[in-house]
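Colleague: Let me give you the structure first, and then I'll get to my questions.
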Amino acid sequence: MEAPIQYTNVIYGAIKEGKYSEAIELLTAELANFPRSRAALSLLGYCYYQVADFNAASEIYETLVSVCPDVEGIVVYIPLLTLLLTYFLLYYRVQAVLCSIPV
């Protein structure tokens, strides 16, 4: 495994370059070693949000809240992600209906 600072730079570099899937893989591996890592959970939730995997993002943020219950800002993300997921699914259902209507 790379030195901690280099490993952190690799993760942040992937996020900065928009390589969220790569960052998700790295952060998932990091959580296998440190399952209560506030930084890894927070970044992983952010990456899942960026790739529009709102279910996974919501689950990660729920875990983050249970690990860090005293951090107030985290609690805001869960209802927001639930709302986004609802609208996202509704959008795709409407698109599916519209695409099936002959013009």
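Colleague: Looking only at the stretch 12-31, count how many residues are over 10 Å from Leu44 (Cβ atoms) and among the β-branched types (Val, Ile, Thr).
Modeller: Residues flagged as over 10 Å from Leu44 (Cβ atoms) and among the β-branched types (Val, Ile, Thr) within the stretch 12-31 amount to 1.
Colleague: Residues Leu80, Leu89, Leu85: which one is modelled with pLDDT under 80, surrounded by 10 or more Cβ atoms within 10 Å (Cβ to Cβ), in contact with a helix residue (DSSP H, G or I) (Cβ under 7 Å, 6 or more places away or on another chain) and not in a loop (DSSP other than H, G, I, E, B)?
Modeller: Leu85 is the lone residue from the list that is modelled with pLDDT under 80, surrounded by 10 or more Cβ atoms within 10 Å (Cβ to Cβ), in contact with a helix residue (DSSP H, G or I) (Cβ under 7 Å, 6 or more places away or on another chain) and not in a loop (DSSP other than H, G, I, E, B).
Colleague: Looking at (1) β-branched (Val, Ile, Thr); (2) in a helix (DSSP H, G or I); (3) modelled with pLDDT under 75, can you tell me which one Ile101 breaks?
Modeller: Tallying (1) β-branched (Val, Ile, Thr); (2) in a helix (DSSP H, G or I); (3) modelled with pLDDT under 75, Ile101 fails exactly one: (2).
The values are calculated or read from the model by the stated rules, or taken from the named source; none is laboratory data. This is a predicted model, so every value here is computed, not measured. FYI the Cβ positions are ideal-geometry reconstructions off the backbone, even for glycines, and counts take in every protein chain you see.
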